[in-house]
Amino acid sequence: MGFFDYAVGIIAVIAVIAAAYYATWWIAKRANGGTIGSGRNIRVIERFSFSKEKLLCLVEVNGKTYLIAYTNGGVSLIDSYDEPIEAAESAAARPDFVAAMRDAWNKRKEGK
């Protein structure tokens with residue numbers, strides 16, 4: 001076997017891997033109604049990952065917005081908002097994260 005035979009084999013393996021990737025992506029997209037990460041009534045507005053097992057999600061469900069924490073121990077509701085919240089487009093348009101977390105923390109402490 002010469003160099004050409006090895007090159008054809010490597011190209012074939014790369015083509016199979018690429019085809020499997022795109023087939024999986026296409027199936028996932030079709031299964032979720034044309035979008036990945038959202039459904040008909042649920043939309044993930046923004047995600048923030050603290051680490052591999054800790055994640056904050058801002059999720060809209062039927063016009064109501066929820067701030068959800070996900071850890072390897074489970075999922076917790078941190079806060080809910082009656083008005084829809086859209087993801088900020090630029091850093092200047094983003095609300096102060098520390099202030100938002102402080103407000104959510106204070107609301108949660110007052111609720112207990």
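In table form, for the structure just shown:
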{"read-out": "Some residue of the stretch 18-26 being at pLDDT 80 or above and either in the same structural domain as Arg108 (by TED's automatic domain parsing) or under 26 Å from Gly111 (Cβ atoms) (or both)", "value": "no"}
{"read-out": "Single condition Ile78 does not satisfy, out of (1) under 16 Å from the mean Cα position of the chain (by Cα); (2) closer than 16 Å to Trp105 by Cβ", "value": "(1)"}
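The values are calculated or read from the model by the stated rules, or taken from the named source; none is laboratory data. Keep in mind that what you see is a predicted model, and the values were worked out from it rather than measured. Note that each Cβ is placed from the backbone with ideal geometry, even for glycine, and that neighbours are counted across all protein chains shown.
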